[in-house]
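Step one of this worksheet: look at the structure below.
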Amino acid sequence: MTLFGTTLDGAQIAVLIGLLATLVLWVFALRDANGYRRWFRGWSGEKKRENRKRNEPPSRTPTGPWG
């Protein structure tokens, strides 16, 4: 097999296949990490919204004997 005018033997072809497989593995790992990051940011935003809603003062002034 020739690649860019250079003849490749079996060992070099095996190395190229190994490098390609490693590249594919890294691409899938990166895609998975980005999906997790996107999910975590959404979850974190929901928790922040819940905390703000829970900690905000009541919309009307409290009346009555118990405040």
Looking only at region 34-60, and only at residues there that are among the hydrophobic types (A, V, I, L, M, F, W, C) and open to solvent by 100 Å² or more (accessible area, probe 1.4 Å), the one that is nearest to the chain's Cα centre (by Cα): 39
Exclusive hit being of a type in the set (S, T, N, Q), exposed (fewer than 10 other Cβ atoms within 10 Å of the Cβ) and either touching a Leu at 6+ places or on another chain (Cβ under 8 Å) or modelled with pLDDT of 90 or more (or both), set 63, 22, 2: 2
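The values are calculated or read from the model by the stated rules, or taken from the named source; none is laboratory data. If you're wondering where the values come from, they're calculated on a predicted model, not measured in any experiment. For neighbour counting, all protein chains shown are included, and Cβ atoms are generated from backbone atoms with ideal geometry for every residue, glycine included. Quick note on the areas: whole protein, heavy atoms, side chains included, nothing else; ligands and nucleic acids left out. Shrake-Rupley method; radii C 1.70, N 1.55, O 1.52, S 1.80 Å.
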